[in-house]
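Below you'll find the structure, written out as structure tokens, and then a few comments.
Just so it is clear, none of the values below were taken in a lab; they were calculated from the coordinates. Please read these numbers as outputs of a predicted model, since none were measured by experiment. Glycine gets a Cβ as well: all are built from the backbone with ideal geometry, and neighbour counts include every protein chain shown.
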Amino acid sequence: MTSPSILSAIDWRRVGRVAQREQSNRERYAPVVSSYRWWARRPNSVMGAILDAAQGFYEDRFTVADPFSGGGTVAVESARRSLTAYAQDLYPWATEGLATALTPTDSQEFKAAADMLLASLGHHWTKYRTADGGELTHVLRVRIGCCPDCRSDVHLFPEYLVTRASRGVRERQAYFGCTACGGVTLAKAGVKSFRCKACGKRHDTSRTTSRCRHCMTEFEIAQVLGDVPRWKAVLVQHVVMDGAQARARLRAVMPGDPVDEPDASVAHAALAATIKDGIETKRLGRLGFVRWGDLYSRRQAEIMLDALAIIRGLPHPKAVKDRLAFAVIGCAEMPAFLSRWDRTVLKPFEALANHRYANTTFAVEMNPLAPAGRGTLAKRLASAQKSLDWLSNQCGSLPKVKRVLATDTRVLPKAGRVVIATGSSKAQPIPNDTVQLVLTDPPYLGDVQYGELARVFHLWLSVYTPIAPADESAEAVPNSTRGTDVDFYQEAIASCLAESQRTLASRGRMVLTFHNTKLVAWQALAGALHDSGFDVCAMAVVYAENGTDLCKRNVNSMLHDLVLECCARRRCPADVQIALTPKSVAEKNLVAVGLALAEAARSGNAGELPALYGSQLKRLGTTKRTIR
């Protein structure tokens, strides 16, 4: 006998525990996450649990579709279960990345091609070689500004404590930065003041670094940056051989270190493209970056451009070359003048790590060919190999993948295959009544500007292969630069869901995950569900985020998703089933807003959702609101 809903067949407490473990180390539990960068990926364990429950619900094989595919979790988990799947996304970076990850590839052939690529790039190794024959893995630079009063140079260290001296658990020393001359001084990590060993000026570590040490004027960062970025290399991390093992060590810059960049930029049309204004990209303009090439050191760009050219000429199948290319393009997320250095754990962070372009005046250049260090090409190739082997093992054999455009003729499903479409999901190349389950997570209002963040990847992908222009105007997010608002968001989501409604078979269900701290987002989703003909029939709450992420610490961030099961209004039962009894305040808030959303979607009056939310909170016994 089938369950009354898909969600009721799931042990959500257990799934939440598994998801929490997965999110703490996704590269271990779901290595495919390293195939290409995407934002707000839902946990594989959550989507997998829903697919498993759906198999019991339908008592047969079924077809699943994800109209907001993004990171591709649904398609990956469908492939692991040999299900027929459709995946669609507006952006070619997401769809090409997913198609590349799922396309069958010979593991040994990929490894041989990766080794060949690294060997072919050997002539670039001298770019980071020191005078004594060592090799730099990272170069750490501080931005130089100009005091608005005395016109002296000011060195914009975000904090006086620049970084711990090493990763050793007993490490008690750290490097401190001098805002006057840019020198770094090694001292005890807990000192209240230090004297710069280069210029002799003393600094109080409890004071702000936004003060000119020449005339003592305090300033705002924007006042001192200047139109053309200027940087000073202050620290390097270099490789030291400890027996047969390479170990990285931090030290101050020494004469002969290859840290100065030539003035000439790399001659490539893609890198010369102007960075167009946007909600996220405008911060690049405020930092003085005009062209995409401005973000990279010359040698970084030369290595990546040469690598992509070598890949195009390799005598290997397209599937092998595409995987190599995505590994190389992954290096593009760590540009020399936008990546950040974590002073506690001593590692660089990607420029897009927190769903934003970084805003830093202390940047780190990663050597793409370094033998050690985070984000290098060798590590990315190893991750690509791990992802391939993991998926091949999980699937038995990878599915056949068909790439299409959203505007193509509708594609009939074939058992165990994955169809991946590029373009707005307002038009889906799927025949009527052929999908049993739509499983997706729509954009979370304006929390992530996917298109603007993906621009850097689209740029590098276009260097490797021709791609269709990314149509950001169709993206279902409010964006003041494009003149889109919450109404546009609701209409765009409603249009995509209405198209999914067309594709659903008679017993078809739609399951979507969502979270947001803004009530207006829930009102818009309620309106979109009503306008597309869906009602909510069941819901659950599940832990779905990594609470230890830097961007989620000490802020009002949601660590749980609300999972909504929906069906066509004419077939939807009157009562909404709650598949998990809420216990915590976070769970009660999501259930309360979910019940309010269900009622507002059914009535078509999204304006009543705030009052309904308050009533449901009282019924659940809490007065603390996490959604406003």
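Overall, the chain carries a charge dipole of about 1880 debye about its Cα centre when +1 sits on the Cβ of Lys and Arg and -1 on the Cβ of Asp and Glu, all other atoms neutral. Helices of the chain meeting both criteria, an alpha-carbon length of 24 angstrom or more along the long axis and an average Kyte-Doolittle score not below -1.0, with helices taken as full DSSP H segments, are 377-395, 486-503, 585-603.
From the square roots a ≥ b ≥ c of the eigenvalues of the alpha-carbon gyration tensor of region 561-628, which class results: rounded (a/c under 1.5), prolate (a/b over b/c), or oblate? Cα axes put region 561-628 in the oblate bin.
Centroid-to-centroid, using Cα positions, region 590-624 and region 58-109 are 34 Å apart. Remark: Cys196, Cys150 ranked as Cys150, Cys196, counting other beta-carbon atoms within 10 Å and listing the fewest first.
Is the shape of the chain best called rounded, prolate or oblate, per the rule: a/c under 1.5 gives rounded, else a/b larger than b/c gives prolate, else oblate, with a ≥ b ≥ c the square roots of the Cα gyration tensor eigenvalues? Since a/c reaches 1.5 and a/b is larger than b/c, the shape of the chain is classed as prolate. Modelled spin labels at Asp485 and Arg571, positioned 7 Å past Cα toward Cβ, are 3.7 nm from each other. Here the gap between Asp227 and Ser24, fully extended at 0.36 nm per residue and compared with their Cα-Cα distance, gives a gain of 69.1 nm.
Highest mean first, the peptides 182-190, 297-305 sorted by other C-beta atoms within 10 Å per residue fall in the order 297-305, 182-190. Between His355 and Ile578, the modelled label-to-label distance comes to 2.6 nm, taking each label 7 Å out from Cα in the direction of the beta carbon.
Going from the residue with the fewest nearby Cβ atoms within 10 Å to the one with the most, Tyr489, Tyr29 rank Tyr29, Tyr489. Just want to confirm a number: the relative contact order over the chain, from Cα pairs under 8 angstrom separated by 6+ residues, in percent. Taking the mean separation of contacting Cα pairs over the length of the chain, I get 17 percent. Residues whose amide H comes within less than 5 Å of that of Tyr86, counting only those at least five positions distant or on another chain, are Val64, Ala65, Asp66, Val419 (H built at 1.01 Å from N in the peptide plane). With Cα atoms defining each centre, region 348-409 and region 253-312 are spaced 19 Å apart in the structure. Taking the fewest neighbouring Cβ atoms within 10 Å as the starting point, the ordered list for Val15, Val169, Val448 is Val169, Val448, Val15. Please label the shape of region 366-455 as rounded, prolate or oblate, based on the square roots a ≥ b ≥ c of the eigenvalues of the alpha-carbon gyration tensor (a/c under 1.5 means rounded; beyond that, a/b larger than b/c means prolate, else oblate). Oblate, because a/c is 1.5 or more while a/b does not exceed b/c. Note on region 5-159: along the principal axes its Cα atoms extend 73, 48, 31 Å, ordered by decreasing extent.
Determine the alpha carbon to alpha carbon distance for each of Lys386/Lys414; Lys188/Lys232; Lys321/Lys379; Lys379/Lys402; Lys127/Lys232; Lys386/Lys426 and list only those over 26 Å. Intermediate results must be reported in sequence, preceding the final value.
Values: Lys386/Lys414 28 Å; Lys188/Lys232 24 Å; Lys321/Lys379 17 Å; Lys379/Lys402 29 Å; Lys127/Lys232 18 Å; Lys386/Lys426 35 Å.
Result: Lys386/Lys414; Lys379/Lys402; Lys386/Lys426 exceed 26 Å.
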